[in-house]
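Engineer: After the structure tokens below, expect a handful of questions from me.
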Amino acid sequence: MLKKSIKFLFSFLCGIALISLIIYFASCIKPGDLDTRVKELSSYCASKGCNTNYGILVDYGRCSIQKRFFVVDLQTGKIIMRSLCGHGFGGKSTILKAEFSNIPNTKCSSLGHYRVGRERRMYNRPAVSIRLPMAFELDGLDKTNSNARSRYILIHESLYPMSEGCITLPINQYNKLSKFLHTQKGSIIMWAYQ
């Protein structure tokens, strides 16, 4: 009986390890439509007078356990940063699939183009006296995300894969993004799509 239990446990753990490796390697593969998305984002940036060197793509077609946040060189199509990122937990969202909305208080993420704004400290609630993390403001540029500023949709660090609608990154990836964005001139555009 003990041998069967150990054998089962070993098989189970090997299965989990295999699934983890598959997910990891799948998230490292360049998305199939990335070249097309980079060209579209580059044209969009040029038409809006924004930074045409770099942009950010968020592929919500991938689940949150895959890397789906990409900083891309719009001239070469090269990915210069890739990361996991969280989405809103509102509606029928799960850790694997997001539901999208632009309606206030839904706690859903929104699709569309955003202008990445200034970095600031996240709002402190009056009763809380802790030092809150930094975040980048986002201005929604499409009908699908026009309420981003009033909904306080931000890019910020988080330990969790879900948020109240914000785009969340692991702390080390947020810090890399912050350093990179501070070296850029002109508005950086982020495009969240599914």
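The values are calculated or read from the model by the stated rules, or taken from the named source; none is laboratory data. Because the structure is a prediction, the values reported are computed rather than measured. So basically every Cβ, Gly included, is an ideal-geometry build from the backbone, and we count neighbours across all protein chains shown. Surface areas here come from the heavy atoms of the whole protein model, side chains and all, with no ligands, DNA or RNA. Shrake-Rupley method; radii C 1.70, N 1.55, O 1.52, S 1.80 Å.
Engineer: Tell me whether segment 153-194 comes out rounded, prolate or oblate; compute the Cα gyration tensor, take square roots of the eigenvalues as a ≥ b ≥ c, and use a/c under 1.5 as the rounded threshold. Intermediate values should be presented prior to the final figure.
Structural biologist: Values: a/c = 2.58, a/b = 1.33, b/c = 1.94.
In terms of gyration-tensor shape, oblate.
Engineer: In percent, how large is the relative contact order of segment 45-175, given Cα pairs closer than 8 Å and 6 or more residues apart?
Structural biologist: Working: 290 pairs, mean separation 27.6, N = 131.
Over segment 45-175, the number comes to 21 percent.
Engineer: Report in % the part of the accessible area of segment 31-190 that belongs to carbon and sulfur, leaving out ligands and nucleic acids; probe 1.4 Å. All intermediate terms of the calculation are to be shown ahead of the outcome.
Structural biologist: Numbers: 4350 of 8110 Å².
Carbon with sulfur: 54 percent of the solvent-accessible area.
Engineer: Right, next: For segment 179-194, just list the computed ³J(HN,Hα) in residue order, Karplus coefficients 6.51, -1.76 and 1.60, θ = phi - 60°, integers in Hz, with x standing in for Gly and Pro.
Structural biologist: My calculation for segment 179-194 gives 4, 5, 4, 6, 8, 8, 10, x, 5, 8, 9, 10, 10, 9, 9, 10 Hz in order.
Engineer: State in Å² the accessible area per residue of segment 26-109; use a 1.4 Å probe, count heavy atoms of protein chains only, and round to the nearest integer.
Structural biologist: 46 Å²
Engineer: Across segment 105-112, in residue order, what do the Karplus-derived ³J(HN,Hα) couplings come to in whole Hz, using 6.51 cos²θ - 1.76 cosθ + 1.60 with θ = phi - 60° and x for Gly and Pro?
Structural biologist: 6, 7, 6, 9, 6, 10, 8, x
Engineer: According to the square roots a ≥ b ≥ c of the eigenvalues of the Cα gyration tensor, what is the shape class of segment 50-194, taking rounded for a/c under 1.5, prolate for a/b larger than b/c otherwise, and oblate for the remainder? Before the final figure, lay out the partial values.
Structural biologist: Working: a/c = 1.39, a/b = 1.18, b/c = 1.18.
Cα axes put segment 50-194 in the rounded bin.
Engineer: While we're here: Ranked from highest to lowest mean number of other Cβ atoms within 10 Å per residue, what is the order of the peptides 97-107, 39-49?
Structural biologist: 97-107, 39-49
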